[in-house]
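**Q** Sharing a structure, written as structure tokens. Questions coming.
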Amino acid sequence: MIHFQPETSVAPAPYVEAVERLRSVRKALALVELFDGRAKRDLDEIRFDALFLDAPEAVQRCADGRSVQAAGAAAAGIEALIGAESAGETPNPAAIDVLSDSLRRDLQGIHALFVGRA
């Protein structure tokens, strides 16, 4: 059978999916902030993969759960923005601000878990 998945005997680290979700949230944040033509605000490039490596298992599990919530919020928010635009409506700038701020807080809150402030 032909497949395109790499063959490996090493199981991926349990946090790989969480790191990918967090990268997706970061991309969603950039999309939201550019949605109505605004310049993207700087977001420090947080290396979640490195943070997960050195974190205790409890912190990894907590960050994983919060990454699921953040990714869900990002998907729902972008879906709402695209839906409004598809219906010929202009998304409310205040709604874009709220979504942007929420995603930014999610990322910063997850980062704070790793540095012991959450």
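The values are calculated or read from the model by the stated rules, or taken from the named source; none is laboratory data. Remember, predicted model here, so these are calculated numbers, not experimental data. Ideal geometry is used to build each Cβ from the backbone, glycine not excepted, and the neighbour counts take in all protein chains shown. Side chains are part of the model used for accessible areas, which takes the heavy atoms of the whole protein and leaves out ligands, DNA and RNA. Shrake-Rupley method; radii C 1.70, N 1.55, O 1.52, S 1.80 Å.
**Q** Looking at Ala84, Ala71, Ala80, Ala94, which one is under 19 Å from Leu22 (Cα atoms) and either in contact with a Leu (Cβ under 8 Å, 6 or more places away or on another chain) or not in a loop (DSSP other than H, G, I, E, B) (or both)?
**A** Matching residue, one of Ala84, Ala71, Ala80, Ala94: Ala71.
**Q** Taking the criterion of being open to solvent by 100 Å² or more (accessible area, probe 1.4 Å), at pLDDT below 90 and assigned to a helix (DSSP H, G or I), would at least one residue in the stretch 33-53 satisfy it?
**A** yes
**Q** Considering only the stretch 84-91, I want to know if a residue exists there that is open to solvent by less than 80 Å² (accessible area, probe 1.4 Å) and either in contact with a Pro (Cβ under 9 Å, 6 or more places away or on another chain) or within 19 Å of Phe48 (Cβ to Cβ) (or both).
**A** yes
**Q** Looking at the stretch 83-96, can you tell me whether even one residue there is under 19 Å from Ser24 (Cα atoms) and of a type outside the set (Val, Ile, Thr)?
**A** no
**Q** Return yes or no: is Ser100 at pLDDT 90 or above, farther than 22 Å from Phe52 by Cα and of a type in the set (Ser, Thr, Tyr)?
**A** yes
**Q** How many of the residues making up the stretch 63-82 are touching a residue at least 24 places away in the same chain (Cβ under 8 Å), over 16 Å from Lys27 (Cα atoms) and surrounded by fewer than 18 Cβ atoms within 10 Å (Cβ to Cβ)?
**A** 0
**Q** Looking only at residues in the stretch 97-118 that are open to solvent by 60 Å² or more (accessible area, probe 1.4 Å) and among the small types (Gly, Ala, Ser), which one is farthest from Leu31 (Cα to Cα)?
**A** Gly116
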